[in-house]
Amino acid sequence: MNFSEIIVTLVLVSGMISLIDMLPWKQQKIGKQKRSIIIEYARSFFPIMLLILVIRSFIAEPFRIPSASMLPTLHIGDFILVNKFPYGIRLPVLNYKVFDVGHPKRGDVLVFRFPKNPRINYIKRVIGLPGDKIGYFNKTIFINGNDVKQNPRMKDGNLLELVKGKSELLFEHLGATGHDILILPGRRLVEGEIIVPDGHYFVMGDNRDNSSDSRFWGTVPKENLVGKALFIWMSWDWNLGGIVWSRLARPID
(Lines give C-alpha, C1' and ligand atoms only; values in the text may rest on other atoms or scores of the structure.)
Protein backbone atom coordinates (compact mmCIF):
# COMPACT_ATOMS: atom_id res chain seq x y z
CA MET A 1 0.00 0.00 0.00
CA ASN A 2 1.20 3.50 -0.80
CA PHE A 3 0.77 6.45 1.57
CA SER A 4 -2.52 7.60 0.01
CA GLU A 5 -4.03 4.13 0.40
CA ILE A 6 -2.89 4.00 4.02
CA ILE A 7 -4.45 7.40 4.81
CA VAL A 8 -7.74 6.48 3.12
CA THR A 9 -7.86 3.20 5.06
CA LEU A 10 -7.20 4.96 8.37
CA VAL A 11 -9.92 7.54 7.65
CA LEU A 12 -12.47 4.84 6.78
CA VAL A 13 -11.67 2.65 9.78
CA SER A 14 -11.52 5.47 12.34
CA GLY A 15 -14.62 7.08 10.80
CA MET A 16 -16.63 3.85 11.01
CA ILE A 17 -15.60 3.26 14.62
CA SER A 18 -16.48 6.85 15.54
CA LEU A 19 -19.83 6.62 13.76
CA ILE A 20 -20.79 3.35 15.46
CA ASP A 21 -19.81 4.78 18.84
CA MET A 22 -22.17 7.72 18.25
CA LEU A 23 -25.23 5.54 17.63
CA PRO A 24 -27.88 5.77 20.41
CA TRP A 25 -28.04 2.02 21.07
CA LYS A 26 -24.27 1.87 21.37
CA GLN A 27 -24.17 4.75 23.84
CA GLN A 28 -26.88 3.13 25.97
CA LYS A 29 -25.01 -0.14 25.98
CA ILE A 30 -21.79 1.50 27.06
CA GLY A 31 -23.55 3.73 29.57
CA LYS A 32 -21.04 5.17 31.97
CA GLN A 33 -18.49 2.47 31.33
CA LYS A 34 -15.13 3.57 30.13
CA ARG A 35 -14.71 3.44 26.34
CA SER A 36 -12.08 1.11 24.99
CA ILE A 37 -8.73 2.58 24.01
CA ILE A 38 -9.43 1.70 20.34
CA ILE A 39 -12.58 3.83 20.30
CA GLU A 40 -10.82 6.73 22.03
CA TYR A 41 -7.95 6.63 19.53
CA ALA A 42 -10.36 6.39 16.58
CA ARG A 43 -12.34 9.43 17.75
CA SER A 44 -9.14 11.41 18.30
CA PHE A 45 -7.38 10.55 15.06
CA PHE A 46 -10.33 10.64 12.65
CA PRO A 47 -10.46 14.46 12.20
CA ILE A 48 -6.65 14.62 11.91
CA MET A 49 -6.50 11.86 9.29
CA LEU A 50 -9.42 13.41 7.40
CA LEU A 51 -7.68 16.80 7.31
CA ILE A 52 -4.44 15.22 6.04
CA LEU A 53 -6.37 13.33 3.36
CA VAL A 54 -8.17 16.46 2.14
CA ILE A 55 -4.97 18.52 1.99
CA ARG A 56 -2.92 15.81 0.22
CA SER A 57 -5.68 14.92 -2.23
CA PHE A 58 -7.04 18.31 -3.22
CA ILE A 59 -4.59 21.05 -2.19
CA ALA A 60 -0.89 20.16 -1.92
CA GLU A 61 1.42 17.21 -1.37
CA PRO A 62 5.13 17.02 -0.47
CA PHE A 63 7.62 15.02 -2.55
CA ARG A 64 11.33 14.28 -2.29
CA ILE A 65 13.63 14.43 -5.33
CA PRO A 66 15.47 11.07 -5.57
CA SER A 67 17.50 11.51 -8.77
CA ALA A 68 19.57 14.01 -10.76
CA SER A 69 17.33 14.00 -13.85
CA MET A 70 16.06 17.55 -13.18
CA LEU A 71 19.42 19.20 -12.51
CA PRO A 72 20.13 22.09 -12.33
CA THR A 73 16.53 23.01 -11.42
CA LEU A 74 16.10 20.35 -8.74
CA HIS A 75 18.83 18.59 -6.75
CA ILE A 76 18.89 15.19 -5.10
CA GLY A 77 17.60 15.75 -1.56
CA ASP A 78 15.27 18.64 -2.43
CA PHE A 79 11.86 18.42 -0.79
CA ILE A 80 9.22 20.11 -2.90
CA LEU A 81 5.57 21.06 -2.51
CA VAL A 82 3.25 20.13 -5.37
CA ASN A 83 0.02 21.99 -6.02
CA LYS A 84 -2.75 19.42 -6.72
CA PHE A 85 -5.37 21.99 -7.80
CA PRO A 86 -4.25 23.41 -11.22
CA TYR A 87 -4.83 20.23 -13.24
CA GLY A 88 -8.17 19.21 -11.72
CA ILE A 89 -9.61 17.70 -8.54
CA ARG A 90 -9.17 13.91 -8.37
CA LEU A 91 -10.43 11.33 -5.92
CA PRO A 92 -7.65 9.83 -3.78
CA VAL A 93 -6.43 6.34 -4.72
CA LEU A 94 -8.93 6.06 -7.60
CA ASN A 95 -7.39 9.14 -9.31
CA TYR A 96 -10.75 9.85 -10.98
CA LYS A 97 -11.14 13.51 -11.97
CA VAL A 98 -14.31 14.98 -10.49
CA PHE A 99 -13.70 18.64 -11.33
CA ASP A 100 -11.69 20.07 -14.21
CA VAL A 101 -9.71 23.23 -13.39
CA GLY A 102 -7.00 23.62 -16.02
CA HIS A 103 -4.29 21.91 -18.02
CA PRO A 104 -0.47 21.85 -17.99
CA LYS A 105 1.31 24.63 -19.83
CA ARG A 106 4.50 24.33 -21.78
CA GLY A 107 7.41 24.70 -19.37
CA ASP A 108 5.53 23.52 -16.25
CA VAL A 109 7.44 21.20 -13.92
CA LEU A 110 5.01 18.34 -13.61
CA VAL A 111 4.63 15.46 -11.14
CA PHE A 112 2.85 12.46 -12.63
CA ARG A 113 2.35 8.76 -12.16
CA PHE A 114 4.82 6.87 -14.37
CA PRO A 115 2.84 5.35 -17.29
CA LYS A 116 4.80 2.08 -17.11
CA ASN A 117 4.18 1.74 -13.36
CA PRO A 118 1.51 4.13 -12.01
CA ARG A 119 2.53 3.41 -8.41
CA ILE A 120 5.76 5.39 -9.02
CA ASN A 121 5.77 9.20 -9.19
CA TYR A 122 8.02 10.98 -11.69
CA ILE A 123 8.86 14.65 -12.12
CA LYS A 124 9.74 16.21 -15.49
CA ARG A 125 9.17 19.40 -17.49
CA VAL A 126 6.30 19.70 -19.96
CA ILE A 127 7.70 20.10 -23.49
CA GLY A 128 4.87 19.09 -25.80
CA LEU A 129 1.12 19.66 -25.51
CA PRO A 130 -1.60 17.56 -27.17
CA GLY A 131 -1.33 17.81 -30.96
CA ASP A 132 2.23 19.23 -30.96
CA LYS A 133 4.87 17.83 -33.29
CA ILE A 134 7.96 17.43 -31.12
CA GLY A 135 11.43 16.81 -32.51
CA TYR A 136 14.74 16.37 -30.71
CA PHE A 137 17.93 16.64 -32.76
CA ASN A 138 21.49 17.63 -31.82
CA LYS A 139 20.49 18.56 -28.22
CA THR A 140 17.79 20.93 -29.50
CA ILE A 141 14.00 20.72 -29.14
CA PHE A 142 11.81 21.49 -32.15
CA ILE A 143 8.13 22.32 -31.58
CA ASN A 144 5.93 22.30 -34.66
CA GLY A 145 8.99 22.86 -36.82
CA ASN A 146 10.47 25.73 -34.75
CA ASP A 147 13.62 25.24 -32.72
CA VAL A 148 13.66 26.23 -29.04
CA LYS A 149 16.50 28.72 -28.59
CA GLN A 150 19.35 28.01 -26.18
CA ASN A 151 22.03 30.35 -24.85
CA PRO A 152 25.22 29.61 -22.85
CA ARG A 153 25.00 30.48 -19.17
CA MET A 154 27.71 31.82 -16.91
CA LYS A 155 28.66 29.34 -14.20
CA ASP A 156 28.00 31.03 -10.89
CA GLY A 157 29.31 29.63 -7.65
CA ASN A 158 26.17 27.64 -6.88
CA LEU A 159 26.32 25.80 -10.20
CA LEU A 160 30.04 25.16 -10.57
CA GLU A 161 29.84 21.73 -8.96
CA LEU A 162 26.95 20.74 -11.22
CA VAL A 163 28.68 21.58 -14.47
CA LYS A 164 32.22 20.46 -13.76
CA GLY A 165 33.85 18.23 -16.36
CA LYS A 166 32.25 18.06 -19.78
CA SER A 167 28.76 19.21 -18.83
CA GLU A 168 27.50 22.47 -20.29
CA LEU A 169 24.99 24.84 -18.69
CA LEU A 170 22.49 26.45 -21.07
CA PHE A 171 19.44 28.64 -20.76
CA GLU A 172 16.49 27.28 -22.76
CA HIS A 173 13.76 29.69 -23.89
CA LEU A 174 10.78 27.39 -23.32
CA GLY A 175 7.50 28.47 -21.79
CA ALA A 176 6.82 31.84 -20.20
CA THR A 177 10.13 32.33 -18.39
CA GLY A 178 12.64 29.75 -19.67
CA HIS A 179 14.95 27.65 -17.51
CA ASP A 180 18.46 26.23 -17.16
CA ILE A 181 19.40 22.84 -18.60
CA LEU A 182 22.47 20.62 -18.54
CA ILE A 183 23.84 18.79 -21.57
CA LEU A 184 26.80 16.52 -22.31
CA PRO A 185 28.00 17.44 -25.82
CA GLY A 186 29.75 14.12 -26.38
CA ARG A 187 26.82 11.91 -25.41
CA ARG A 188 24.33 10.83 -28.08
CA LEU A 189 20.85 9.81 -27.01
CA VAL A 190 17.70 8.93 -28.90
CA GLU A 191 16.58 11.46 -31.52
CA GLY A 192 13.47 11.71 -33.65
CA GLU A 193 9.99 13.21 -33.96
CA ILE A 194 6.61 12.45 -32.46
CA ILE A 195 3.12 13.94 -32.66
CA VAL A 196 1.74 14.15 -29.11
CA PRO A 197 -1.58 12.26 -28.94
CA ASP A 198 -4.76 13.96 -27.77
CA GLY A 199 -4.93 13.98 -23.97
CA HIS A 200 -1.19 13.32 -23.60
CA TYR A 201 1.94 15.33 -22.77
CA PHE A 202 5.57 15.03 -23.86
CA VAL A 203 7.96 15.56 -20.94
CA MET A 204 11.73 15.77 -20.51
CA GLY A 205 14.22 16.22 -17.68
CA ASP A 206 16.35 19.36 -17.47
CA ASN A 207 19.45 17.17 -17.17
CA ARG A 208 18.95 16.22 -20.80
CA ASP A 209 21.58 13.52 -21.17
CA ASN A 210 20.83 11.90 -17.79
CA SER A 211 17.05 11.62 -17.84
CA SER A 212 14.60 8.80 -18.53
CA ASP A 213 11.67 10.63 -20.13
CA SER A 214 9.26 10.72 -23.06
CA ARG A 215 12.10 10.16 -25.52
CA PHE A 216 12.42 6.62 -24.16
CA TRP A 217 9.02 5.50 -22.84
CA GLY A 218 6.47 7.76 -24.54
CA THR A 219 3.97 10.41 -23.51
CA VAL A 220 2.08 10.97 -20.24
CA PRO A 221 -1.74 10.57 -20.34
CA LYS A 222 -3.73 13.30 -18.62
CA GLU A 223 -5.22 10.82 -16.14
CA ASN A 224 -1.72 10.27 -14.73
CA LEU A 225 -1.21 13.91 -13.76
CA VAL A 226 -0.60 14.58 -10.06
CA GLY A 227 0.19 18.29 -9.86
CA LYS A 228 2.46 21.23 -10.56
CA ALA A 229 5.70 21.68 -8.61
CA LEU A 230 5.59 24.96 -6.65
CA PHE A 231 8.68 25.50 -4.51
CA ILE A 232 11.44 23.83 -2.51
CA TRP A 233 10.52 23.79 1.17
CA MET A 234 13.57 21.82 2.34
CA SER A 235 16.87 20.69 0.87
CA TRP A 236 19.27 18.22 2.46
CA ASP A 237 22.76 17.30 1.29
CA TRP A 238 25.08 15.17 3.45
CA ASN A 239 28.09 16.37 1.44
CA LEU A 240 27.30 19.96 2.36
CA GLY A 241 26.70 19.20 6.03
CA GLY A 242 22.90 18.90 6.11
CA ILE A 243 20.37 21.61 5.30
CA VAL A 244 21.16 23.68 2.20
CA TRP A 245 19.75 26.97 3.42
CA SER A 246 20.23 28.78 0.12
CA ARG A 247 17.67 26.50 -1.57
CA LEU A 248 14.86 26.86 0.96
CA ALA A 249 11.65 28.53 -0.27
CA ARG A 250 13.04 28.67 -3.81
CA PRO A 251 10.27 28.74 -6.46
CA ILE A 252 10.39 26.11 -9.21
CA ASP A 253 10.37 27.66 -12.70
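The values are calculated or read from the model by the stated rules, or taken from the named source; none is laboratory data. In this text the structure is predicted, and so the values were computed from the model without any measurement. Cβ: placed from backbone, ideal geometry, glycine included. Neighbour counts: every protein chain shown.
Here's the yes/no breakdown for (1) modelled with pLDDT of 95 or more; (2) out of contact with any His (no Cβ under 8 Å at 6 or more places or on another chain); (3) among the β-branched types (Val, Ile, Thr):
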{"position": "Leu184", "(1), (2), (3)": "no, yes, no"}
{"position": "Leu189", "(1), (2), (3)": "no, yes, no"}
{"position": "Asp198", "(1), (2), (3)": "yes, yes, no"}
{"position": "Val203", "(1), (2), (3)": "yes, yes, yes"}
{"position": "Arg208", "(1), (2), (3)": "yes, yes, no"}
{"position": "Trp217", "(1), (2), (3)": "yes, yes, no"}
{"position": "Val220", "(1), (2), (3)": "yes, no, yes"}
{"position": "Val226", "(1), (2), (3)": "no, yes, yes"}
{"position": "Trp238", "(1), (2), (3)": "no, yes, no"}
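Which ones in the stretch 117-133 are surrounded by 18 or more Cβ atoms within 10 Å (Cβ to Cβ) and touching a helix residue (DSSP H, G or I) at 6+ places or on another chain (Cβ under 8 Å)?
Lys124, Ile127, Gly128
In this structure, is Leu174 modelled with pLDDT of 95 or more, among the aliphatic types (A, V, I, L, M) and closer than 26 Å to Gly218 by Cα?
Considered against the rule, which asks whether it is modelled with pLDDT of 95 or more, among the aliphatic types (A, V, I, L, M) and closer than 26 Å to Gly218 by Cα, Leu174 comes out as yes.
For residues in the stretch 1-19 being more than 13 Å from Leu50 (Cβ to Cβ) and not β-branched (Val, Ile, Thr), which is modelled with the highest pLDDT?
Checked the stretch 1-19; the qualifying residue modelled with the highest pLDDT is Glu5.
Residues being β-branched (Val, Ile, Thr) and either in a loop (DSSP other than H, G, I, E, B) or surrounded by 17 or more Cβ atoms within 10 Å (Cβ to Cβ) (or both): count how many of those fall in the stretch 36-71. Before the answer, list the steps.
Looking only at the stretch 36-71, we keep the residues that are β-branched (Val, Ile, Thr), and these are 37-39, 48, 52, 54-55, 59, 65.
Filter again for either in a loop (DSSP other than H, G, I, E, B) or surrounded by 17 or more Cβ atoms within 10 Å (Cβ to Cβ) (or both), leaving 39, 65.
Of the residues in that region, 2 qualify.
Quick test for you: out of Val244, Val203, pick the one residue that is among the β-branched types (Val, Ile, Thr) and under 21 Å from Phe171 (Cβ atoms).
Val203
Checking Ala249 against (1) surrounded by 15 or more Cβ atoms within 10 Å (Cβ to Cβ); (2) free of Cβ contacts under 8 Å to residues at least 60 places away in the same chain: exactly one of these is not met. Which one?
(1)
Does any residue of the stretch 24-42 turn out to be closer than 28 Å to Lys84 by Cβ and modelled with pLDDT of 80 or more?
Checked against the condition, which is being closer than 28 Å to Lys84 by Cβ and modelled with pLDDT of 80 or more, the stretch 24-42 yields at least one hit.
If you check Lys155, Lys133, which single one turns out to be over 23 Å from Gly227 (Cβ atoms) and modelled with pLDDT of 95 or more?
The match here is Lys133.
Going by the structure shown, is Phe114 over 17 Å from Asp253 (Cα atoms) and modelled with pLDDT of 95 or more?
Here the answer is yes, as Phe114 does meet what is asked.
Just to be sure before I move on: is Ser212 assigned to a loop (DSSP other than H, G, I, E, B), modelled with pLDDT of 95 or more and either in the same structural domain as Leu110 (by TED's automatic domain parsing) or out of contact with any strand residue (DSSP E or B) (no Cβ under 6 Å at 6 or more places or on another chain) (or both) in the structure I sent?
So Ser212 passes the test.
Looking at Phe114, Phe99, Phe142 in this structure, which one is within 13 Å of the chain's Cα centre (by Cα), surrounded by fewer than 18 Cβ atoms within 10 Å (Cβ to Cβ) and aromatic (Phe, Trp, Tyr)?
Just one listed residue meets the conditions, Phe114.
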